Amino acid sequence: MDDQAQIVIDGVTHTYRPAHGRAVLALSDVSLEVRAREFLALLGPSGCGKSTLLYLVGGFLPTEVGRILVEGRPVSAPGPDRGIVFQHFALFPWKTVRANVLYGLERQPLSRPEREQRAQAFIDLVGLGGFEESYPSQLSGGMRQRTALARTLAFDPSILLMDEPFGALDAQTRALMQTELLGIWRRTPKTVIFVTHDVQEAVYLADRVAVMSTRPGRIKTIVDTRFGDRNPSILRSKQFVEKVDEIWDLVRVEAIKAQEDTAP
Ligand SMILES: Nc1ncnc2c1ncn2[C@@H]1O[C@H](COP(=O)(O)OP(=O)(O)O)[C@@H](O)[C@H]1O
Ligand SMILES: [Mg+2]
């Protein structure tokens, strides 16, 4: 085992057992280690268990087979060390943008003005200045997702678990948010597990990309994707384009298998 690993996922299998209907084997014998301050992207076909894996690390689902350690301790519940940005943004519909972001700061040892200031800084960061008093129902999907991101970033967790956080954003906002996320990650180093279905985004943001196989999900391959400085100009470099192609091939094979599995 890697001594430096902050997150250790060891032989994790997860089965959903709905009250009605058949049991679903979502993950099978998944092992993965993530170092402190590493940015790891998780790619794989829809339904392969990416969200399930994040929920387990986040402590939102119990680990029944295998083990998950964070800083050497088994995960048993959600905690302030792990911030999660859900795929389907979980905002309080009855709270404004400001109140949603402040919620993440309630338990912090900060004075009220400090809290307000911090909330405002993150609202501005995600480009929602001017929408502080809006309610989620008044916002577009992308704006809701940015509110959720601001709320999670505001409480400064050492581990960020992000489930397709930019999936609902238009291309321009997405590029801005990627740059902001990298900036935040550099300024306040965090360990990030970032689920995406965008291969280019994964290669651009991550130090390593873990490709999962079709359901039941396993880790199929881990590819190193560090290219020195991340700046948008690398997107056009030969090295970058080749890496994206290489990973696309791995993902495509799994996506085709997933299609075949669901074919009648
Ligand atoms: N609460 C649940 N009950 C039963 N099956 C579920 C539940 N949540 C997810 N699944 C199934 O588990 C598998 C993995 O789901 P998920 O982790 O959401 O995959 P991904 O995020 O990679 O698309 C899918 O086949 C999905 O239908
Ligand atoms: Mg998912």
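The values are calculated or read from the model by the stated rules, or taken from the named source; none is laboratory data. In this text the structure is predicted, and so the values were computed from the model without any measurement. No Cβ is skipped: glycine too gets one built from the backbone with ideal geometry, and neighbour counts run over all protein chains shown. The accessibility values were calculated without ligands, DNA or RNA, using every heavy atom of the protein model including side chains. Shrake-Rupley method; radii C 1.70, N 1.55, O 1.52, S 1.80 Å.
Whether any residue in the range 33-53 is within 16 Å of ligand 1 (Cβ to nearest atom), open to solvent by less than 20 Å² (accessible area, probe 1.4 Å), within 21 Å of Glu164 (Cα to Cα) and without any contact (Cβ under 8 Å) to a residue 60 or more places away in the chain is what I want to check.
Checked the range 33-53: no residue is within 16 Å of ligand 1 (Cβ to nearest atom), open to solvent by less than 20 Å² (accessible area, probe 1.4 Å), within 21 Å of Glu164 (Cα to Cα) and without any contact (Cβ under 8 Å) to a residue 60 or more places away in the chain.
When you scan the range 1-71 for strands (runs of 3 or more DSSP E) that lie fully inside it, which ones turn up with 3 or more residues that are more than 16 Å from ligand 2 (Cβ to nearest atom) and over 17 Å from the mean Cα position of the chain (by Cα)?
Filter on the range 1-71 gives 5-16, 24-35, 65-70.
Tell me, yes or no, whether the range 77-96 has at least one residue that is within 16 Å of ligand 1 (Cβ to nearest atom), closer than 27 Å to Arg208 by Cα and open to solvent by less than 50 Å² (accessible area, probe 1.4 Å).
Yes, the range 77-96 has at least one match.
Can you tell me how many residues within the range 220-264 are among the charged types (D, E, K, R) and in a loop (DSSP other than H, G, I, E, B)?
Number of matching residues: 3.
Here are Asp229, Asp261: which of them is loosely packed, with under 14 Cβ neighbours inside 10 Å, closer than 19 Å to Leu40 by Cα and more than 21 Å from the chain's Cα centre (by Cα)?
Result of the check over Asp229, Asp261: Asp229.
Take the residues in the range 154-190 that are within 16 Å of ligand 2 (Cβ to nearest atom) and acidic (Asp, Glu); name whichever of them is farthest from Gly142 (Cα to Cα).
Filtering the range 154-190 for residues that are within 16 Å of ligand 2 (Cβ to nearest atom) and acidic (Asp, Glu), the one farthest from Gly142 (Cα to Cα) comes out as Asp163.
Any chance you could count how many residues in the range 153-199 are within 16 Å of ligand 1 (Cβ to nearest atom) and of a type outside the set (A, V, I, L, M)?
Residues meeting the conditions: 9.
Can you find, within the range 198-218, the residue that is farthest from ligand 2 (Cβ to nearest atom) among those that are in contact with a helix residue (DSSP H, G or I) (Cβ under 8 Å, 6 or more places away or on another chain) and in a loop (DSSP other than H, G, I, E, B)?
Here the answer is Ser213.
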